[in-house]
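One structure is given below, encoded as structure tokens.
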Protein chains: 2
Amino acid sequence: MGAKDRRENEVVQMRQAILNAACNIAAEAGWREVTVRKVAEKVEYSPAALYEYFSSKDAILVALMREGFRLLTLDMRSVPESGDAVERLAAVAQSYWDFAFRHPELYQVMHGLDGISFGTAETPQEAKDGFIALRDAVRAVFPGNSALERDLYDEVDMFWAMLHGLVSLTMAGRIKGGRERAALLVKPAVEIYIAEWQKEVR
Amino acid sequence: MGAKDRRENEVVQMRQAILNAACNIAAEAGWREVTVRKVAEKVEYSPAALYEYFSSKDAILVALMREGFRLLTLDMRSVPESGDAVERLAAVAQSYWDFAFRHPELYQVMHGLDGISFGTAETPQEAKDGFIALRDAVRAVFPGNSALERDLYDEVDMFWAMLHGLVSLTMAGRIKGGRERAALLVKPAVEIYIAEWQKEVR
DNA sequence: TCATTTTCCGAACATTGTTCAGTTATCGAA
DNA sequence: TTCGATAACTGAACAATGTTCGGAAAATGA
């Protein structure tokens with residue numbers, strides 16, 4: 001029964017090829033241009049064949065969304081502990097920003113930007129993991145245990161919102177000076193939050 | 001030549017009817033369900049007839065985006081001066097939030113959410129007007145003239161990003177506790193910014 | 001009243017996601 | 001190896017999308 005295993009490998013390879021193809025098209029021409037037929041052509045299969053590997057086009061997008069959150073979480077988690085928790089939180093924010101513009105297509109599919117949307121896919125576990133990664137980084141900036149009783153969800157949500165807002169407006173071309181100038185706003189924004197939070201804790 | 005004027009009125013009325021129809025469908029079923037044929041049916045015309053009033057479906061969306069920004073700007077501008085600039089800025093932020101959830105379809109089309117996107121429509125004047133309205137509210141919280149030399153674009157961008165981020169994540173269902181809990185974050189978020197800015201100015 | 005222009009519609013076109021009958025390839029057992 | 005069954009894949013079609021176009025209908029101005 002080595003044949004079964006080999007076939008299984010081929011399946012995951014094929015699925016990955018489909019995901020890559022979709023991503024590449026999106027990166028080059030935007031998600032609007034990502035069509036089942038074009039993806040099929042890129043993997044050299046018939047359009048109908050894709051439905052053996054994904055139940056629908058939406059399923060492909062959902063898979064990419066989850067992979068995107070997985071990668072983002074990985075990025076944030078891999079920011080080294082630098083002794084100074086504040087410094088690290090700033091670095092995490094930076095890695096968030098960097099990820100968004102290193103993989104714009106992924107970021108877009110993760111947040112339904114650029115004309116993507118799939119029927120109310122509930123928040124995937126990978127996204128929750130990302131939230132947790134962010135929460136851990138935030139939690140570390142609270143020196144004592146004073147605020148550790150709370151779940152810090154408010155702080156994390158606000159922090160996340162600010163990051164997503166910056167990325168989102170920038171990608172939409174709504175920031176004068178574009179990405180270059182917007183990038184300069186990340187660190188000051190982080191510092192604003194930190195300063196207030198630290199004041200809160202005394 | 002009263003006939004010409006009357007016809008002109010009919011045209012703007014027709015255009016408005018089309019915009020309303022599109023908006024209503026979006027409000028009830030989401031932008032994915034907004035189709036040329038359905039809009040046409042709702043205004044009791046043939047699909048082809050719409051193209052006498054709008055050059056494309058995208059043109060309809062763009063018109064709605066602009067109207068959305070116009071209304072949002074109006075809302076923010078109509079927040080009364082309450083003596084206390086800080087209080088007013090908070091009220092402006094609240095009116096931003098309220099607008100977003102009073103007209104979710106408009107907010108979505110304004111920011112390319114929910115699967116909307118039209119070929120890189122450059123930032124319309126109405127959006128810039130909204131930015132200015134926000135800037136004026138921010139500018140007022142700076143007591144002296146110390147910071148009035150600067151354009152305050154950084155502060156406004158960050159403020160806007162935070163508001164948009166909160167709305168955006170909430171609409172995407174990414175905030176635990178949903179809209180109700182997220183609404184409670186608006187005021188604290190505003191206060192954080194204000195506190196830091198005031199510290200800056202001394 | 002009549003010629004002309006505007007307004008509107010029916011029908012079509014290309015492209016989209018998706019399905020399905022059928023063909024081809026693959027595999028496990030005799 | 002050979003055969004029957006299962007899986008993999010394709011071609012053609014379907015309905016729905018945005019859009020166009022020739023012509024009908026209506027409004028307009030003389």
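So here's what we get for this one:
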| read-out | value |
| --- | --- |
| For B:L184, inter-copy label distances in nm, listed shortest first [label point 7 Å out on the Cα-Cβ vector] | 3.8 |
| Loss of accessible area when B meets A, both sides summed, Å² nearest 100, probe 1.4 Å | 3400 Å² |
| Estimated inter-spin distance, A:K57 and B:E44, nm [label 7 Å along Cα→Cβ] | 3.5 nm |
| Within straight-line cross-link reach of A:K176, lysines at Cα separation under 19 Å, skipping those fewer than 8 residues along the same chain | A:K187, B:K128 |
| Candidates per trypsin sites (Lys or Arg not before Pro) in segment B:83-144, loop by DSSP, up to 13 other Cβ within 10 Å | none |
| Per-copy distances of the B:Q13 label point, shortest first, in nm (7 angstrom along Cα→Cβ) | 6.7 |
| Convex hull projection area averaged over all views, the protein assembly as shown, Cα basis, nm² | 25.9 nm² |
| Helix B:57-77 axis, angle to chain B major axis (alpha carbon atoms, nearest 10°) | 40 degrees |
| Extension gain (nm, one decimal) between A:R102 and A:E10, 0.36 nm per residue minus Cα-Cα | 30.3 nm |
| Tail weight of P(r) past 16 Å, computed on alpha-carbon pairs of segment B:157-198, percent | 35 percent |
| Kirkwood hydrodynamic radius over Cα pairs of segment B:1-158, then Stokes diffusion coefficient at 4 °C and 1.567 mPa s, in µm²/s | 74 µm²/s |
| Accessible heavy-atom area order of B:K42, A:K57, highest first, probe of 1.4 Å | B:K42, A:K57 |
| Accessible area of B:R179 in the full protein assembly, 1.4 Å probe (Å², nearest 10) | 130 Å² |
| Lysines whose Cα lies under 27 Å from that of A:K42, excluding same-chain neighbours fewer than 8 positions away | A:K4, A:K57 |
| Cα-based convex hull, segment B:87-136, per residue volume (Å³, whole number) | 70 Å³ |
| FRET E, pair A:Q125, A:A29, Förster distance 22 Å, beta-carbon r, rounded to 0.05 | 0.15 |
| Centre separation in Å (Cα based) which lies between segment B:66-140 and segment A:1-75 | 38 Å |
| Chain B, rotation onto A, residue closest to that axis via Cβ, with its distance in Å | B:G165, 1 |
| Between helix B:125-139 and chain B: long-axis angle, C-alpha atoms, 0 to 90°, nearest 10 | 20 degrees |
| Protein accessible area in segment B:1-124, 1.4 Å probe - carbon and sulfur % | 49 percent |
| Nm distances between copies for B:E44, ranked from closest, using label points 7 Å along Cα→Cβ | 5.8 |
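The values are calculated or read from the model by the stated rules, or taken from the named source; none is laboratory data. Computed from a predicted model, the values in this text were never measured in an experiment. A quick note on method: Cβ atoms are made from the backbone with ideal geometry, for glycine too, and the neighbour counts reach across all protein chains shown. Each accessible area value is taken on the protein alone, full model and side chains, heavy atoms only, with ligands, DNA and RNA left out. Shrake-Rupley method; radii C 1.70, N 1.55, O 1.52, S 1.80 Å.
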